[in-house]
Amino acid sequence: MNRRTQTVPEPSLIYSKSKAGRIGCNVPTCDTPEVDLASVVGETRSELKLPEVSELDLLRHFTNLSHINYGIETGFYPLGSCTMKYNPKINEKAAGLAGFAQLHPLQPVETIPGALEILHGVQSMLCEITGFDAITLQPLAGAHGEMTCLMLVKAYHASIGEGDKRKVVLVPDSAHGTNPASAARCGYSVKSIPTDADGNTDLAALEAALDDTVAALMLTNPSTLGLFEPNIEKICKMVHDAGGQVFCDGANMNAMVGTTRPGDHGFDCMHLNLHKTFSTPHGGGGPGCGAIGLQKHLEPFLPVPVIRSVGDTLIADYDRPHTIGKVAAFYGQFLMEVRAYTYLRAYGRERIADISRYSVLNANYVRERLKEVLPPAHDRPCMHECILTAEKYKKEHGVRALDISKRLIDYGYHPPTNYFPLIVPECLMIEPTETESKDTLDDFCDALIAICHEAVENSDLLHDAPSTRIVGRLDETLAVKQLDVRWNG
Ligand SMILES: Cc1ncc(COP(=O)(O)O)c(C=O)c1O
């Protein structure tokens, strides 16, 4: 059966399989005094209404459910800005080793030299990749890394007696929503900087916004338009001349790994999303790691503990008089660091640039194959993701980018990101990542080309999509506002 017309059977709830008295495990004979459950939890077993099923029924139920779930191991997942690349299984194997997985966060530091070695190793490799003097792995998400960087900027300005006057953070209009949110969370007011017609930062607008109230510019490079900022060194100099600091949103580091280093471009600090670029799994809200890199002048303010070497020994240093304090419990998401360490060591120095080379190549291949049906927003090669516009279908056929994306679900693909960045009308943001083959990209492009033809010939197919799945078109606003209908992170 053709995958566009095939319908998936609706799953039943585990409760519908329940039969009174059926049991899914062998409970050993009780050898302790029996306690009445109701006296402990206030309810009896029957009042709890737990499903009563056999082990096999339970296994079948969850195995069947897993088959209707969509993930990177099920199919192509071109969700722009999210870098949904394959997370190699060897990472999981390493993270599952008992010596790592069973560490207790309160264990005395002298008993965890191996764990410190992992943390220090990831820090050193990320310093080398980004060109920064120091890294901390503590922040638990990209947004948390942004916020931690701004806290360092704040502490730095306070240390040179400029804390009271530097109240403004500049954020380009194409930035991810977390950028202005992080600035506001740190007590700054936010000023938006426009993007020019070529997709670059508008230098005249930046110049006009710079004065001695500016604490920082938050710049995403490559931008969320999938473009490398050609004026990056000039921009950093302009902000520095005005006494501000420059933060790099490094969520798009996949385009640069092993090829070029933000620390060499003039940035003072940046965040990385290990859960994107360095292949630790993400989605559904965590766990993540928004590691940050910084230049020497920000180092005194690093959150504690700082993992560093003293002679031949690694220590967790809490004795830091100028620290901003703690930003996460213990050492951050330790097992994410084990995964990132494994990934980085598996690539090695010689091959690490393959990440950026192939991610940029794949995005440009998709851009080129689709340009007749979905024109790129800017007329120049892209970096790791391509931003296309479906504006003509909206104007001529009443079909929106969202309709095209929803129809992709009928063809068996996860949709790309839509309507971000907001400055591109009817925008589709496609990030193929480096782990996809040409065959997969060709199949995906063929599907999108076919959908664009459907948009012209039979637009209702798109308006009603998806029509072959268990879940039809969702109310997106409701899904955002009502947490219990929100399935994906
Ligand atoms: C460009 C950009 N910056 C920042 C973030 C925030 O990262 P996180 O979701 O880990 O907080 C994202 C996440 O999608 C992003 O795409």
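Remarks
- Tally, over segment 253-267, of residues that are assigned to a loop (DSSP other than H, G, I, E, B) and open to solvent by less than 10 Å² (accessible area, probe 1.4 Å): 3
- Of the set (1) open to solvent by 10 Å² or more (accessible area, probe 1.4 Å); (2) in contact with an Asp or Glu (Cβ under 9 Å, 6 or more places away or on another chain); (3) closer than 28 Å to Glu350 by Cβ, all apply to Phe228 but (2).
- Scanning segment 78-123 for residues that are touching a Lys or Arg at 6+ places or on another chain (Cβ under 6 Å) and at positive phi yields one hit, Thr83.
- Residues in segment 1-58 that are closer than 30 Å to Asp410 by Cβ and either in the same structural domain as Leu408 (by TED's automatic domain parsing) or modelled with pLDDT under 80 (or both): Met1, Asn2, Arg3, Arg4, Thr5, Gln6, Thr7, Val8, Pro9, Glu10, Pro11.
- Filtered by the rule that a residue be closer than 22 Å to Ile23 by Cα and either open to solvent by less than 70 Å² (accessible area, probe 1.4 Å) or hydroxyl-bearing (Ser, Thr, Tyr) (or both), segment 59-85 gives His61, Thr63, Leu65.
- Any hit, segment 159-173, residues being in a loop (DSSP other than H, G, I, E, B), in contact with a Leu (Cβ under 8 Å, 6 or more places away or on another chain) and within 13 Å of the ligand (Cβ to nearest atom): no
- Among the residues making up segment 423-441, those that are out of contact with any Pro (no Cβ under 9 Å at 6 or more places or on another chain), charged (D, E, K, R) and open to solvent by 30 Å² or more (accessible area, probe 1.4 Å) are Lys438, Asp439.
- Selection status of Glu229, outside any helix (DSSP H, G or I), touching a Ser or Thr at 6+ places or on another chain (Cβ under 7 Å) and either of a type outside the set (Phe, Trp, Tyr) or modelled with pLDDT of 95 or more (or both): yes
- Test result for Gly42, under 23 Å from the mean Cα position of the chain (by Cα) and either surrounded by fewer than 13 Cβ atoms within 10 Å (Cβ to Cβ) or closer than 25 Å to Thr277 by Cα (or both): no
Yes or no, residue by residue, for (1) under 18 Å from Met84 (Cβ atoms); (2) modelled with pLDDT of 95 or more; (3) open to solvent by less than 20 Å² (accessible area, probe 1.4 Å):
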{"site": "Ala377", "(1), (2), (3)": "no, yes, no"}
{"site": "Cys386", "(1), (2), (3)": "yes, yes, yes"}
{"site": "Tyr393", "(1), (2), (3)": "no, yes, yes"}
{"site": "Ile404", "(1), (2), (3)": "no, yes, yes"}
{"site": "Pro415", "(1), (2), (3)": "yes, yes, no"}
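- Close pairs from segment 414-430: first without any contact (Cβ under 8 Å) to a residue 40 or more places away in the chain, partner β-branched (Val, Ile, Thr), Cβ under 7 Å, at least 6 apart: Pro425/Thr389; Glu426/Thr389
- Ala158 more than 27 Å from Asp379 (Cα to Cα), without any contact (Cβ under 8 Å) to a residue 40 or more places away in the chain and not aromatic (Phe, Trp, Tyr): yes
Listed here are the residues, each with its yes/no results for (1) over 16 Å from Pro303 (Cβ atoms); (2) in contact with a strand residue (DSSP E or B) (Cβ under 6 Å, 6 or more places away or on another chain); (3) open to solvent by less than 30 Å² (accessible area, probe 1.4 Å).
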position	(1), (2), (3)
Thr111	yes, no, no
Phe132	no, yes, yes
Leu140	no, no, no
Met147	no, no, no
Asp164	yes, no, no
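- Residues that are within 16 Å of the ligand (Cβ to nearest atom) and part of a helix (DSSP H, G or I) within segment 127-147 comprise Thr130, Gly142, Ala143, His144, Gly145, Glu146, Met147, listed in sequence order.
- Qualifying residue in segment 390-411 (condition: on the phi > 0 side of the Ramachandran plot and among the charged types (D, E, K, R)): no
- Filter pass, His275 being in a loop (DSSP other than H, G, I, E, B), farther than 23 Å from Pro303 by Cα and within 16 Å of the ligand (Cβ to nearest atom): no
- For segment 444-458, the condition holds for no residue, the condition being that it is hydrophobic (A, V, I, L, M, F, W, C), open to solvent by 10 Å² or more (accessible area, probe 1.4 Å) and touching a strand residue (DSSP E or B) at 6+ places or on another chain (Cβ under 7 Å).
- Filter result (closer than 15 Å to Met238 by Cα, more than 16 Å from the ligand (Cβ to nearest atom) and in contact (Cβ under 8 Å) with a residue 60 or more places away in the chain) within segment 176-222: Ala215
- Qualifying residue in segment 243-252 (condition: under 24 Å from Ala291 (Cβ atoms), away from the ligand (no atom under 11 Å from the Cβ) and surrounded by fewer than 22 Cβ atoms within 10 Å (Cβ to Cβ)): no
- Cβ-Cβ distances below 7 Å connect the following pairs, each with a first residue in segment 22-38 that is among the hydrophobic types (A, V, I, L, M, F, W, C), a second residue that is open to solvent by less than 100 Å² (accessible area, probe 1.4 Å), and a separation of six or more residues or different chains: Ile23/Glu52; Leu37/Thr44; Ala38/Thr44.
- Lone unmet requirement of (1) in contact with a strand residue (DSSP E or B) (Cβ under 9 Å, 6 or more places away or on another chain); (2) surrounded by fewer than 17 Cβ atoms within 10 Å (Cβ to Cβ); (3) outside the structural domain of Ile307 (by TED's automatic domain parsing) for Glu117: (3)
- Count of segment 79-100 residues, restricted to those that are away from the ligand (no atom under 16 Å from the Cβ) and either among the polar types (S, T, N, Q) or more than 17 Å from Phe278 (Cα to Cα) (or both), is 6.
The values are calculated or read from the model by the stated rules, or taken from the named source; none is laboratory data. All values reported here derive from a predicted model rather than from experimental measurement. Here Cβ is always computed from backbone atoms with ideal geometry, including for glycine, and neighbour counts include all displayed protein chains. With ligands, DNA and RNA removed, areas are computed over all heavy atoms of the protein, side chains included. Shrake-Rupley method; radii C 1.70, N 1.55, O 1.52, S 1.80 Å.
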